[in-house]
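What follows is one structure encoded as structure tokens, with my remarks underneath.
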Amino acid sequence: MVTTAVAILNYNGKNFLRKFLPAVIQYSNSVPMYVGDNASTDGSVEMLRSEFPTVNIIRLAKNNGYSKGYNLLIKEITADYVALINSDIEVTNNWLTPLIKVLDTDKLVAAVQPKIKSYAHKNSFEYAGGAGGFIDSYGYPFCRGRLFDTLEEDTGQYDNDIEVTWASGACFLVRKSAFDEVSGFDDDFFAHMEEIDLCWRLANRNFTIKYTSKSTVYHVGGGTLSYESPFKTYLNFRNGLYMLIKNVPMQQRSRVIAIRVLLDWASAFYFLLQGKGTQFFAVFKAHIKVLRTYRSFYKKRFSNPSDKSILKPYSIVWKYFIKGKRTFDEVENSKGNN
């Protein structure tokens, strides 16, 4: 019999856990609950022990970030499927069953994401995941339902279940055997874009990633790092290049990375023009870090069994900022490669 567990990684999220964990417990079909605590200092562990005695608590010695934190947590779980959800996620009745069904139906599906909508604006998709993720020709991730800062209202336009490029780390169900086969998340990412890197490596093992609209969750977002955090900017720009160095096929690598670096610097100077000097320096620091660690990340690509491109044949930057396309459907249906 196939078994499932729910895993929540926590860092100083006591208030989120107290608010959202009751629904997770209520609507998850009595599956085991695990909370991995990244050395919180807000009394999270004490609160869990007092108010949620059925939850399995895995205490970690330090703040390992999302990547290593989840790797350590999942090592403690023996279930066949593991649902990873952020502490600031509100689940809905029967949210888990459709995800399990997708993995049960096709053994080559490694992970599946639900529809992720905004907790604050329940009719809109949420920034981190929307209705499934893709990557443009220069490695920029985007979602059905969210392009850059533009969020679409959910009118049923993405109520089809499809294969996607990546599943959002905010909430997805993963086949543990596949997760283990690729050695889980890359610890060096710490946080942000590690789920995209994971999904790319799963694709290199001939697994697929799915999205189903039959499950819906609501995400607060920015619970650990706000969207305006310079550290978040640093991680996104650094990890975006790390991901390309590791995964872009050799025949595309030089061109894709060179153009990506130029586009990153265009973003940096745009931050500067907006008076966001700390964001500008975050991009600068990210690129310096990549230069210093390039060799070690380049070596990681040779652990991949194949060289598979999962990039879309167009630039989302061009279509959004130059062509004015504001929805996923507009991007997909517009003519031309750019």
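With respect to the conditions (1) of a type outside the set (Phe, Trp, Tyr); (2) without any contact (Cβ under 8 Å) to a residue 60 or more places away in the chain; (3) in a helix (DSSP H, G or I); (4) in contact with a Lys or Arg (Cβ under 7 Å, 6 or more places away or on another chain), ASP42 lacks only one, and its number is (3). Of all residues in the stretch 154-182, those being without any contact (Cβ under 8 Å) to a residue 24 or more places away in the chain, among the small types (Gly, Ala, Ser) and closer than 17 Å to PHE207 by Cβ number 0. Taking the listed residues TYR34, TYR27, TYR70, the one that is more than 21 Å from ALA178 (Cα to Cα), in the same structural domain as GLU195 (by TED's automatic domain parsing) and touching a residue at least 24 places away in the same chain (Cβ under 8 Å) is TYR27, with no other qualifying. With the requirement that a residue be of a type in the set (D, E, K, R), surrounded by 15 or more Cβ atoms within 10 Å (Cβ to Cβ) and modelled with pLDDT under 95, what does the stretch 286-307 give you? Within the stretch 286-307, LYS300, ARG301 qualify. Whether a residue is under 16 Å from the mean Cα position of the chain (by Cα) and surrounded by fewer than 24 Cβ atoms within 10 Å (Cβ to Cβ) was assessed, and ALA203 passes this test.
Evaluate the stretch 219-231: report whether one residue or more is within 17 Å of TYR140 (Cα to Cα) and not in a strand (DSSP E or B). Yes, there is a match, as at least one residue in the stretch 219-231 is within 17 Å of TYR140 (Cα to Cα) and not in a strand (DSSP E or B). For the stretch 33-40, the condition of being within 27 Å of ILE100 (Cβ to Cβ) and β-branched (Val, Ile, Thr) holds for at least one residue. Report yes if some residue within the stretch 92-106 is crowded, with 24+ Cβ neighbours inside 10 Å, under 26 Å from MET243 (Cβ atoms) and not β-branched (Val, Ile, Thr); otherwise report no. Within the stretch 92-106, one or more residues are crowded, with 24+ Cβ neighbours inside 10 Å, under 26 Å from MET243 (Cβ atoms) and not β-branched (Val, Ile, Thr). Candidates in the stretch 292-318 are the residues that are in a loop (DSSP other than H, G, I, E, B) and touching a Phe, Trp or Tyr at 6+ places or on another chain (Cβ under 7 Å); of these, the one that is nearest to PHE148 (Cα to Cα) is SER315.
For the structure I just gave you, tell me whether GLN251 is at pLDDT below 95 and either more than 26 Å from LEU202 (Cα to Cα) or over 20 Å from the mean Cα position of the chain (by Cα) (or both). For GLN251, the condition - at pLDDT below 95 and either more than 26 Å from LEU202 (Cα to Cα) or over 20 Å from the mean Cα position of the chain (by Cα) (or both) - is met.
The values are calculated or read from the model by the stated rules, or taken from the named source; none is laboratory data. What you are looking at is a predicted structure, and each value in this text was computed from that prediction instead of being measured. Every residue, glycine as well, gets a Cβ built from its backbone with ideal geometry; the counts of neighbours run over all protein chains shown.
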